[in-house]
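All remarks here apply to the structure that follows.
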Amino acid sequence: MKAILHCDRKWGIGRNNDLMFSLPADMKFFRETTRGKVVIMGSNTLISLPNEKPLKNRTNIVLWPGGDKSRALADGFIMADDMEEFKAEIRKYPADDVFVIGGAMMYRTMLPYCSEALITKVDADGGAEVFFENLDRAEGWRLVEQSEPLDDNGYTIRFCRYVNDGVKAL
């Protein structure tokens, strides 16, 4: 399993249940990386998506305690009521095909099970309200790849890949 996200220079990932930056190159990377794969998220992340609908061309698994199962069926996503059911759904897929896409609590909960984190670092302060763990200081995590800086809609970004040397089994 992998985490995928963009963060600001303070490891901020969101504000008002939304992204802080409009980054076309980052969105293209996200689409190309996750297309045909499995994305996992919390209910707030699903609600933050366009029209509150799951992402197309992906299997969407949403942890939503007390959520409306008929909505999940109608909208075409898998809903789990609790963490045990959520993990059981995730285990049905190859780990390399599963991507954690948010929100902050989901990242915090699932990060120990991630073998990699694909992070687009934005050299700006987005005024974040929620943050991702600083992997440069996190035990067991190390930066293994980093792109040259590039401009994305007026922001300088770098695509980074971190690996987790202490990944836990799901």
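Starting from the Cα-Cα distance between Ile47 and Arg35, subtract it from 0.36 nm times their residue separation and give me the gain in nm to one decimal. Please list the in-between numbers first.
Values: separation 12, 0.36 × 12 = 4.32 nm, distance 1.96 nm.
Residue separation times 0.36 nm, minus the Cα-Cα distance, leaves 2.4 nm.
For the listed residue pairs Lys37/Lys87; Lys10/Lys37; Lys10/Lys121, the alpha carbons are over 20 angstrom apart in Lys10/Lys37. Positive-end ranking of Ile78, Gly66, Ile47 along the dipole of the chain, with charges on Cβ about the Cα centre, is headed by Ile78. Label-to-label distance for Glu145 and Arg108 is 3.0 nm, based on points extended 7 Å past Cα in the beta-carbon direction.
Bridgeable aspartates and glutamates around Lys28 (alpha carbons under 16 Å apart, same-chain partners fewer than 8 residues away excluded): Asp151, Asp152.
Would you please give the FRET efficiency between Asn57 and Glu129, computed as 1/(1 + (r/R0)^6) with r the Cβ-Cβ distance and R0 = 41 Å, to the nearest 0.05?
Details: r = 30 Å, r/R0 = 0.73.
For R0 = 41 Å, the calculated efficiency reads 0.85.
The aspartates and glutamates within cross-link reach of Lys53, meaning a Cα-to-Cα straight distance under 14 Å and a gap of 8 or more places when in the same chain, are Asp68, Asp75.
Ignoring the sites themselves, what is the longest stretch of the chain with no trypsin sites (Lys or Arg not before Pro) in a DSSP loop and at most 16 other beta-carbon atoms within 10 Å? Write down the numbers at each step before the final one.
On the way: sites that count: Arg9, Lys10, Arg35, Lys56, Arg91, Lys92, Arg137, Lys168.
Between exposed loop sites, the widest span is 93-136.
Taking Cα atoms only, the orientation of helix 24-34 departs from the longest principal axis of the chain by about 40 degrees.
Across all C-alpha atoms in region 118-170, the radius of gyration and Dmax reach 13.0, 40 Å.
All of the numbers you see were taken from the coordinates with simple rules; none came from a lab. All values reported here derive from a predicted model rather than from experimental measurement. Every residue, glycine among them, receives a Cβ derived from its backbone with ideal geometry; neighbour counts consider all protein chains shown.
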